[in-house]
Amino acid sequence: MPKKRKNRGRKLGDSGHEKIVQCAQCGRAVPADKAVKVTRWVTPVGGSLGKDLERQGTYISKRLETRYYCISCAVYLGIVRPRSEEERKLRIPINRPYTRRKGSKLPLKFLRV
């Protein structure tokens, strides 16, 4: 039977059994290496109130939140996209926009723009 993906849809490699995580959208139990991991900074104060407070000079704390999504929810939310069979065979990463951070020592030629 032919394999659809070279890595069987996982980042497992030779690491053996992976822990199970829960999808943040639907609650499905997914192996951690198969799930899509999204890490972003979130603030407890959201929307227009947070913007008003920042304009006044108030410090609003932020925390790093990590969420795991199953593949079907990640596709539905637009985090990842399905690729054609020929595109799956390419071993180059998908281009994502990078910005140069203030104080970065890397020259611009190493950053993808």
(message) Please pick out the residue among Val38, Val45 that is in contact with a strand residue (DSSP E or B) (Cβ under 6 Å, 6 or more places away or on another chain) and surrounded by 10 or more Cβ atoms within 10 Å (Cβ to Cβ).
(response) Val38
(message) Can you say whether Arg67 is at pLDDT 85 or above, of a type in the set (Lys, Arg) and out of contact with any Gly (no Cβ under 7 Å at 6 or more places or on another chain), as far as the supplied structure shows?
(response) yes
(request) Answer yes or no as to whether Gly78 is over 28 Å from Arg5 (Cα atoms) and either exposed (fewer than 10 other Cβ atoms within 10 Å of the Cβ) or modelled with pLDDT of 75 or more (or both). (result) no
(request) Mind listing just one residue for me: the one in the range 48-66 that is loosely packed, with under 11 Cβ neighbours inside 10 Å and over 23 Å from the mean Cα position of the chain (by Cα) and, of those, nearest to Gly78 (Cα to Cα)? (result) Ser48
(request) Of all residues in the range 2-18, count the ones that are out of contact with any Pro (no Cβ under 9 Å at 6 or more places or on another chain), among the basic types (Lys, Arg) and closer than 17 Å to Val36 by Cα. (result) 3
(request) For Gln25, work out the one condition from (1) outside any loop (DSSP other than H, G, I, E, B); (2) polar (S, T, N, Q); (3) under 15 Å from the mean Cα position of the chain (by Cα) it doesn't fulfil. (result) (1)
(request) Could you list all residues from the range 1-18 that are loosely packed, with under 15 Cβ neighbours inside 10 Å and under 18 Å from the mean Cα position of the chain (by Cα)? (result) Gly9, Arg10, Lys11
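The values are calculated or read from the model by the stated rules, or taken from the named source; none is laboratory data. As the structure is a prediction and not an experimental result, all values here were calculated from the model. Here Cβ is always computed from backbone atoms with ideal geometry, including for glycine, and neighbour counts include all displayed protein chains.
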